[in-house]
Amino acid sequence: MQMVPYLGFDGQCAEAFHFYHAVLGGELRIMTHGESPMADKVPAEWRNRVLHAALVTDGAVLMGGDAPPGQGAKPQGFCVALQFDDPAEAERIYHALLDGGEATMPMQPTFWAERFGMLVDRYGMPWIVNGVGAAQAGA
């Protein structure tokens, strides 16, 4: 089994996933409703909304899509957690994701990781970034 975070957006999915791709790298696939085989069956206002996005990087998968118009909701009750063995890479990713967003916990050392921080990105998505370092990498 594989658990895959699926992020819901209200019309910003393509922009957000292009941003995540620029920050995290990997392979990005995006399909809008208008590009799908059911394009002629959806209302015109849905055609540019993302039906499905997938970012595959370092064996991890992040998926998302846009809610139908008027049905988007603010994310709550979850975070996307990223864990790096290299604290410097964690620091880089944290600050890249933070661009235009809000720090909810600045990147700092903790008892479980050399670097740890929390943020909400410019699209309203909450993230946790861990840079465990050599001492904690097996945890």
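Observations on the structure shown:
- The set of residues in segment 1-22 being on the phi > 0 side of the Ramachandran plot and among the aromatic types (Phe, Trp, Tyr) is empty.
- Selection of first residues in segment 53-70 that are of a type in the set (A, V, I, L, M) and of second residues that are in a loop (DSSP other than H, G, I, E, B), restricted to Cβ pairs under 6 Å at least 6 apart or on distinct chains, gives the following pairs, ordered by first then second residue: 55/26; 56/26; 61/4; 62/5; 63/4; 67/10.
- Residues located in segment 42-61, provided they are touching a helix residue (DSSP H, G or I) at 6+ places or on another chain (Cβ under 9 Å), acidic (Asp, Glu) and on the phi < 0 side of the Ramachandran plot: none
- The lone exception for residue 100 - which of (1) in a loop (DSSP other than H, G, I, E, B); (2) out of contact with any strand residue (DSSP E or B) (no Cβ under 7 Å at 6 or more places or on another chain); (3) of a type outside the set (A, V, I, L, M); (4) surrounded by 12 or more Cβ atoms within 10 Å (Cβ to Cβ) it fails: (4)
- Residue that is farthest from the chain's Cα centre (by Cα) [pool: residues in segment 1-47 that are among the acidic types (Asp, Glu) and either assigned by TED's automatic domain parsing to the domain that holds residue 125 or over 18 Å from residue 72 (Cβ atoms) (or both)]: 40
- Where residue 123 falls short, out of the listed (1) within 14 Å of the chain's Cα centre (by Cα); (2) part of a strand (DSSP E or B): (2)
- Scanning segment 45-67 for residues that are in a loop (DSSP other than H, G, I, E, B) and surrounded by 14 or more Cβ atoms within 10 Å (Cβ to Cβ) returns 47, 49, 67.
- Restricting attention to segment 29-75, the residues that are closer than 22 Å to residue 1 by Cα and either hydrophobic (A, V, I, L, M, F, W, C) or modelled with pLDDT of 95 or more (or both) add up to 13.
The values are calculated or read from the model by the stated rules, or taken from the named source; none is laboratory data. Keep in mind that what you see is a predicted model, and the values were worked out from it rather than measured. Every residue, glycine as well, gets a Cβ built from its backbone with ideal geometry; the counts of neighbours run over all protein chains shown.
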